[in-house]
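Report on one structure; see the data block that follows.
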Amino acid sequence: MNFIAELKRRNVIRMAGLYLVGAWLITQVAGTILPMFAAPDWIARSIVIVLAIGFIPALVIAWIFELTPDGLKRDSEIPEAQSIAPQTARRMERSILFLFAIALAFFGFDKFYLAPKREAALVSVATQAITEKSAQKEKSENEKSIAVLAFENRSADKDNEYFSDGVAEEILNSLAKVKDLKVAGRTSSFFFKGKNENLSTIGKTLGVAHVLEGSVRKQGNQLRITSQLIRVSDGFQLWSETFDGTDADIFALQEKIARQVTSELKVALNAGQQNRLIDTGTSSAEAYALYLQATAIFNRRDFTQYQDAVAALQKALVLDPNYARAYSRLATMYVLLANSSKEPLQSLKEKVLANAKAASVLDPSLAEPYAALGASFDWLPGELIEQREMFDRALALDPDDVTTNFWYGLTMIRMGYLERGVAHIERALEKEPMLPNALRWRGIMYFHAGDHAKAETLLKRARDLGLKFADRNLADIASARGDKIVAINLSANGTVLPLMPPNSARVLSEGIYGDATQRAQALTLLDNYMATSKDHLPVPGMVPVYLFMLGEPDKALNTAHKRLLRDKIDFLALLWSSQGKVMRELPEFPQFLHDSGLVELWDKYGAPDLCNKNAKGDYVCE
């Protein structure tokens, strides 16, 4: 106790407290002021180190010395009665406490008022810098972007429009393979054909900085192609040229145009593109023209002309038996024929297989043959694993191919992998934001998920782009709102049933959205059609969909189970929707899964979104 009392008498304890308070004040002031002068960090660190080192010497000095009016003297030299240490200590305490109070007030003001303003200013500056940098980067990247519009047909023969479209599409496809260049998709670019829209609107809609437009005049075997590259922002013409030649020069002319674009936009060419940008796959101008005819029909999805496309491709292969792209497109046309032709599916499948194989042997880099095989493997039971493998190979060859991503997305939905299917449809829409059927199917999936607002937006966009049968799906939205008459008219307008009796669309639409009498008439129509259709022949894939919508879920599942369907996607998408739960609860559903090959597929690739295996090893679906 005597030692503690002596420490107090000599003001050592007071000195320790006052020193710590003073050191804290000094470090706080230094921390606030030094950054204003951009002082190096070592100065602040040095102050803290010096203060820490000085703590012990300060206590020693307080023990040995005492402050007097005559200066510092040793404590032992001052009589206790004459010591002014207590008074001096109290004055020092009051002074330091006064400074301490002022410091606290200042630091409180700085922390809660000044500091937030400084931080906000810094954040604002940083955000502005990041935004400017991002904008500059986006602008730089966007400068290397282009849309190739459909070339105008200026030939006297208006039937030559397929040729002018084909010339532009070939240039577009070649530019799309240049890694350093962003190219708007064919469907999106060709949407503006004949609309006389200003370039600013086109550029903004497609998100590109440049537009390539042109015209083709064909007379006999003489060709004239005019092309110009325009900057969208100000309409400045970067380059324009007219090329004259013959049919045999078409490949060279397309190559010149594509190379001029890459030169003007200063994009780096990939390996293999230094010598040649455009590879049409044939040296026969006549075979190429026939390929373009078929491609125009393929792009329009005009089922009334599918056989014309097949005939054109077969002629092209007579002219050039090594034309891999013609074999590939022919395989795809046979896939499309499955939905509108009365030819047996097995026969069509054999043709798909033969042409896809020929294409792949001639050009192993083509993705389209495997996509065609993947689509055709859906026709017969027990081929789902092979179907998945074909699509996986197609995507490995060309991950960005729009048709492959779209078809694969639909295939994933058929198999119950809904999220993955939607992801691939969205991938297709990233490349082709105006692809009508992809818009329609994204809208359908929104509808099945209960988001009617997004569904209606996309379905209307698909219809506005020319996809008439999007009205069939818009009818469901109208019905959900209680607009039965609107629903009937939309459904009848959007339903195409080439293999069923005339007026079937109207009768079925009235049955689905109308009264009990109309429903009975629609069911009779379907019953009569099924009775006259042989069991071994495929039926339209919409038949089980209509049965379900007419209130016959058991008949719908039985039809899909026992009969071959020409296109299963509409029914299976319905089956995996919330509305389809009633079919998933039917006692026949597990056998349907086994017989369709879905169980075998899931065992290899994993359970789908709505199903899990129970303890017995059976799949149980929500």
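Out of 226, 262, one residue alone is out of contact with any Asp or Glu (no Cβ under 6 Å at 6 or more places or on another chain), of a type in the set (Ser, Thr, Tyr), buried (at least 16 other Cβ atoms within 10 Å of the Cβ) and assigned to a strand (DSSP E or B). It is 226. The condition (being surrounded by fewer than 22 Cβ atoms within 10 Å (Cβ to Cβ), within 20 Å of residue 547 (Cβ to Cβ) and small (Gly, Ala, Ser)) is satisfied by just one residue among 511, 494, 482: 494. A Cβ distance below 7 Å, combined with a sequence gap of six or more or placement on separate chains, defines the contacts here; from the stretch 412-434, residues that are under 15 Å from residue 568 (Cβ atoms) and crowded, with 18+ Cβ neighbours inside 10 Å reach residues that are at pLDDT 95 or above and of a type in the set (Lys, Arg) in the pairs 412/420. Evaluated against (1) at pLDDT 95 or above; (2) among the charged types (D, E, K, R); (3) within 34 Å of the chain's Cα centre (by Cα), residue 468 falls short on exactly one condition, (1). Here 457, 411 are screened, and the one residue that is farther than 30 Å from residue 364 by Cα, in a helix (DSSP H, G or I) and among the polar types (S, T, N, Q) is 457. Among the residues making up the stretch 151-177, those that are of a type in the set (A, V, I, L, M) and either closer than 16 Å to residue 280 by Cα or within 20 Å of the chain's Cα centre (by Cα) (or both) are 167, 168, 171, 172, 175, 176. Checked against (1) assigned to a strand (DSSP E or B); (2) small (Gly, Ala, Ser); (3) surrounded by fewer than 13 Cβ atoms within 10 Å (Cβ to Cβ), residue 235 passes all but condition (1).
In the stretch 328-400, counting only helices (runs of 4 or more DSSP H) that sit wholly within it, the ones holding 3 or more residues that are within 22 Å of residue 314 (Cα to Cα) span 345-362, 368-376.
Considering each residue of the stretch 606-617, count those that are surrounded by 13 or more Cβ atoms within 10 Å (Cβ to Cβ) and either in a loop (DSSP other than H, G, I, E, B) or touching a helix residue (DSSP H, G or I) at 6+ places or on another chain (Cβ under 8 Å) (or both), and give that number. Here the count works out to 5.
The values are calculated or read from the model by the stated rules, or taken from the named source; none is laboratory data. Everything numeric here is computed off the predicted structure, so don't read it as measured data. Note that we place each Cβ from the backbone using ideal geometry, even for glycine, and neighbour counts take in every protein chain shown.
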